[in-house]
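The values are calculated or read from the model by the stated rules, or taken from the named source; none is laboratory data. Here the structure is a predicted model, which means the values were calculated and not measured. Methodologically, a virtual Cβ is constructed for each residue, glycine included, from the backbone with ideal geometry; neighbour enumeration extends over all protein chains shown.
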Amino acid sequence: MERFHWRQLILLIEIALLFVVGFIPNNLDWLANMLVSFVCAMQVQSFRKVHGNAYASTMCIGNMRSGMQYLYTGLHTKDRAVLRRAMQYFAVIALFAVGAAAGSLLTIHFGNRVIWFCCASLLVSLSFMFIREDIEENPELQREAAALHQDVKAMEHTIGKTLQEQQEELHPLNHK
């Protein structure tokens, strides 16, 4: 059996703490809030990227800013790779909204134990972390990694060019 990655251990701790929160009575809301806040802090510190993009897993504002920035740049430059990144941010935001709405509706029926649905979704995430394909043994993954690398290089070039053009538009006298 392979050793656990530290992020897998973090997910196990999060699952255990959230499971305990489901048993905490309403008169100890302060304890439940403290445990959930601690889990959120671990989540924010441990899981910072999705497909190479920095993101916040427990709040939307930073994701919205990044998504809008990529959307503007992608529309301005007509760069599909940049637009794809914007859509990834918007997908994260949409999932956040779906989770919030589902949590609100499920709370009506399950009360405090609705938090166990979070435990279940974290268990699914944990199981995905155990599904591992070895890139060296999979030529398709090697091709995808190479294509992704090219997309990142193209996006960096496009963003650099866009920033330079915007700077020239803002300060035309400095560039003549």
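Condition check: over 30 Å from residue 20 (Cβ atoms) and without any contact (Cβ under 8 Å) to a residue 60 or more places away in the chain. Does residue 83 satisfy that? First the steps, then the outcome.
Values: over 30 Å from residue 20 (Cβ atoms): yes; without any contact (Cβ under 8 Å) to a residue 60 or more places away in the chain: yes.
Yes: the conditions hold for residue 83.
Which pairs turn up if I take residues in region 39-50 that are modelled with pLDDT of 85 or more and look for partners that are not in a helix (DSSP H, G or I) with beta carbon separation below 7 Å, at least 6 apart in sequence or on another chain?
Note: pairs meeting the criteria are 40/58; 43/57; 43/58; 44/56; 44/57; 44/58.
What's the number of the only condition in (1) in contact (Cβ under 8 Å) with a residue 12 or more places away in the chain; (2) loosely packed, with under 13 Cβ neighbours inside 10 Å that residue 75 fails to meet?
The failed condition is (1).
Give me the pairs, please: first residue somewhere in region 146-171 and loosely packed, with under 11 Cβ neighbours inside 10 Å, second residue anywhere and outside any helix (DSSP H, G or I) and of a type in the set (A, V, I, L, M, F, W, C), beta-carbon distance under 9 Å, and either six or more positions apart or on two chains.
none
Got at least one residue in region 52-67 being at pLDDT below 90, surrounded by 16 or more Cβ atoms within 10 Å (Cβ to Cβ) and either hydrophobic (A, V, I, L, M, F, W, C) or over 30 Å from residue 147 (Cβ atoms) (or both)? Show your work before the answer.
Restricting attention to region 52-67, the residues satisfying the condition of being at pLDDT below 90 are 52-63.
Next, from what is left, pick out any that are surrounded by 16 or more Cβ atoms within 10 Å (Cβ to Cβ): 53, 55-57, 60, 63.
This time we only want the ones that are either hydrophobic (A, V, I, L, M, F, W, C) or over 30 Å from residue 147 (Cβ atoms) (or both), so: 56, 60.
Yes, region 52-67 has at least one match.
Tell me, yes or no, whether region 81-102 has at least one residue that is out of contact with any Cys (no Cβ under 6 Å at 6 or more places or on another chain) and at positive phi. First the steps, then the outcome.
Start the filter on region 81-102 by keeping residues that are out of contact with any Cys (no Cβ under 6 Å at 6 or more places or on another chain), which leaves 81-92, 94-95, 97-102.
The next check asks that each one be at positive phi; those that pass are none.
No, every residue in region 81-102 fails to be out of contact with any Cys (no Cβ under 6 Å at 6 or more places or on another chain) and at positive phi.
Could you check region 88-116 and list, in sequence order, the residues that are without any contact (Cβ under 8 Å) to a residue 40 or more places away in the chain, surrounded by 15 or more Cβ atoms within 10 Å (Cβ to Cβ) and among the aromatic types (Phe, Trp, Tyr)?
Hits for region 88-116 are 89, 90, 96.
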